[in-house]
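The values are calculated or read from the model by the stated rules, or taken from the named source; none is laboratory data. Keep in mind that this is a model prediction, so the values were computed, not measured. Counting neighbours? That spans all protein chains shown, and the Cβs are built from the backbone with ideal geometry, glycine included. Areas reflect the complete protein model, heavy atoms only, side chains present, ligands, DNA and RNA absent. Shrake-Rupley method; radii C 1.70, N 1.55, O 1.52, S 1.80 Å.
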Amino acid sequence: MNAAAWISLASLGGFILLQTTVIAFAMGRLFQRVSTVEKGHDGVAAMSSDMAAMKSDIRHMTRSIDELKAALTPAPSSRRRSAG
């Protein structure tokens, strides 16, 4: 093998080593974040209570919209009935 082949092989090896290092670092950070969330459980509990509050708010908004639709729906008048 000539020098160019050795340089290419060394570059490829260096690139694979760099990629392995980057992936290992990312996996370590991900593990660290997951461990933090698992230890605290505060994020999960807060998210659950926020979701319950949102569902309650959505139910309330739906009822308000239904009431508004009912209030804005025109009542059938005698003119409409006789014109038909």
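For Arg59, Arg29, write out the residues from largest to smallest accessible area, computed with a 1.4 angstrom probe and no ligands counted.
Values: Arg59 135, Arg29 105 Å².
Result of the area sort, largest leading: Arg59, Arg29.
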> Thr20: accessible area at probe 1.4 Å, nearest 10 Å²?
Replying inline: 80 Å²
>> Quick check: pseudo-label points 7 Å beyond the Cα along Cα→Cβ at Met51 and Asn2, how many nm apart are they?
In response: 6.3 nm
> What label, among [x] 92; [y] 197; [z] 74, belongs to volume of the Cα convex hull per residue in Å³ computed from the structure on display?
Replying inline: [y]
> Can you tell which of Gly28, Gly13, Gly40 shows the greatest fluctuation in a Gaussian network model of the chain with Cα springs below 10 Å?
Replying inline: Gly13
> Relative to the longest principal Cα axis of the chain, at what angle does helix 42-72 sit, 0 to 90 degrees, rounded to 10?
Replying inline: 30 degrees
